[in-house]
Amino acid sequence: MDKTSKNLFNNTKLAFTNKSNLQLKKAFFLFSVLDYPVLTKLGNSFLLLVLKLNLPFKGIIKKTIFNHFCGGETIEECDDTFKSLNKYNISAMPEYSVEAESTLEGFENYKNDSIEIINYLGNLKLPFIAIKCTGLMDISSLEKISVGELNEDSDEYKSFFKRVDELCRVGEKNNVKILIDAEESWIQDSIDRVGLEMMRKYNKNSANVFITHQCYRTGTLDKIKDYLEIANKEKFYLGVKLVRGAYMEKERKRALDNNYPSPIHDTKENTDKEFNNSLLFCVKNIQKLSLWVGSHNEDSCLKLMEMMKKNKIKKEDDRIWFSQLYGMSDNISYSLSSLEYNVVKLIPFGPIEKTIPYLIRRANENSSVQGQSNRQFTLIKDEISRRNKLN
Ligand SMILES: Cc1cc2nc3c(=O)[nH]c(=O)nc-3n(C[C@H](O)[C@H](O)[C@H](O)COP(=O)(O)OP(=O)(O)OC[C@H]3O[C@@H](n4cnc5c(N)ncnc54)[C@H](O)[C@@H]3O)c2cc1C
């Protein structure tokens, strides 16, 4: 990364502009804990215990890790967060963070809650919602579809398809685009299959439905190319959400345990190559697709900015969006939005008990994506020291 670029993402005054001194101190405390794997493990065990024994620690969790990484317990509670981001031209994409459902009642509840959220977002003119297919069908059935053990003509699959379709239809009506999360490789085929059908149906005039592509998987760019070929042939627009991928350790372990080749690139360099090549391919084909990039990697964001410039794409072109998680990499989000790029924060929300598994994953991801965690911690310390010098 060159010096100018480094400077761009080093502006802590801008990055933490909407954080009070107290909020910064809390973030400092939180990232000090996340900085020590032993403490993170202890914290995880504490959260699991709270979940299992229903212990009365909701208040502490809410005031600390929950408030840092989540928008609220209900969509209405996220309003203040939406407003504070909106002041800096940053959009918000809420994600109802409940873990995988396993009963028909659970799937219907997830669908109905998502419909309510989409209607709410439509009124606020917020353009995106993230959904998880594991909220709409159980993992074992998604796996069976992926490996061809469950037929697409089965009642189970049809009702899953209908639930996804209903969300996309309500999304289209409300001008809210549906971003379908990518999950584990062994269920991803069935997620892609339903996503492709939805793009066929709802992306005739522009991308209203997006499939997520994980670049840590080998062959991702080829897959995007195949999809674009289908989209061109059948005349619809492609919605591409590009990420590196969140389940690396789990994927590798499963492949090893079950004696099949890991679907994940061998090295970080190869994942980065897949990511950068996919970015470039999408930018070059922007007439036929929309690109939504979820990454905290400063270098990748800079690369995308350069590619847009080279290909004469305006910063505010609404076919390209940069996104970071709420509570992470504000230095990227606030800098990009101040330069007029489209930025959206992904904001998890939901009842505390239900978001605990998500928070544990965040804590674990912070320890496995140690570089990002350290970077966040350094920025927080820099900003505290900058403010102290002013007093
Ligand atoms: C807004 C947003 C939405 C997201 N949505 C999803 C989603 O739907 N599905 C999903 O799976 N993830 C999702 N993620 C998580 C994402 O996939 C990454 O895990 C996370 O963002 C870290 O990648 P990075 O590009 O930010 O940073 P980096 O620090 O540059 O990359 C870290 C990532 O590189 C890869 N990696 C690290 N080491 C190696 C190695 N040795 N070999 C090969 N690859 C390696 C892993 O994917 C790791 O997570 C999302 C992230 C964001 C910000």
| Which residue out of Asn297, Asn311, Asn331 is within 28 Å of Thr74 (Cα to Cα) and in contact with a helix residue (DSSP H, G or I) (Cβ under 9 Å, 6 or more places away or on another chain)? | Asn331
| request: Determine, yes or no, whether Ile211 is under 28 Å from Lys158 (Cα atoms) and within 14 Å of the ligand (Cβ to nearest atom). | output: yes
| said: Condition check: in a loop (DSSP other than H, G, I, E, B) and touching a residue at least 40 places away in the same chain (Cβ under 8 Å). Does Glu99 satisfy that? | reply: yes
| query | Hey, does the stretch 270-285 have a residue that's open to solvent by 50 Å² or more (accessible area, probe 1.4 Å) and within 11 Å of the ligand (Cβ to nearest atom)? | reply | yes
| request: Quickly run through the stretch 141-182 and pick out the residues that are within 25 Å of Thr218 (Cβ to Cβ), open to solvent by 60 Å² or more (accessible area, probe 1.4 Å) and assigned to a helix (DSSP H, G or I). | output: Lys144
| Hits in the stretch 80-124 (condition: closer than 19 Å to Met137 by Cα and among the small types (Gly, Ala, Ser)) | Ser97, Ala100, Ser102, Gly106, Ser114
| note | Residues of the stretch 330-345 being of a type in the set (Phe, Trp, Tyr) and open to solvent by less than 10 Å² (accessible area, probe 1.4 Å), in sequence order, are Tyr334
| field | Unique residue being more than 16 Å from the chain's Cα centre (by Cα) and within 16 Å of the ligand (Cβ to nearest atom) when the list is Ser206, Ser190 | value | Ser190
| task | Determine whether Thr74 is of a type outside the set (D, E, K, R), farther than 30 Å from Phe160 by Cα and either modelled with pLDDT of 90 or more or open to solvent by 30 Å² or more (accessible area, probe 1.4 Å) (or both). | result | no
| note | In the stretch 228-255, anything open to solvent by 60 Å² or more (accessible area, probe 1.4 Å), within 14 Å of the ligand (Cβ to nearest atom) and in contact with a Ser or Thr (Cβ under 8 Å, 6 or more places away or on another chain) is listed as Met248, Glu249, Arg252
| If you go through the stretch 94-141 one residue at a time, how many are of a type in the set (Phe, Trp, Tyr) and within 15 Å of the ligand (Cβ to nearest atom)? | 2
| Can you find a residue in the stretch 183-199 that is in contact with a strand residue (DSSP E or B) (Cβ under 9 Å, 6 or more places away or on another chain), farther than 18 Å from Glu143 by Cα and open to solvent by less than 60 Å² (accessible area, probe 1.4 Å)? | yes
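The values are calculated or read from the model by the stated rules, or taken from the named source; none is laboratory data. Everything quoted here is computed from the prediction, not taken from an experiment. Every residue, glycine as well, gets a Cβ built from its backbone with ideal geometry; the counts of neighbours run over all protein chains shown. Ligands, DNA and RNA are stripped out before the accessible areas are found, and what is left, the full protein with its side chains, is counted by its heavy atoms. Shrake-Rupley method; radii C 1.70, N 1.55, O 1.52, S 1.80 Å.
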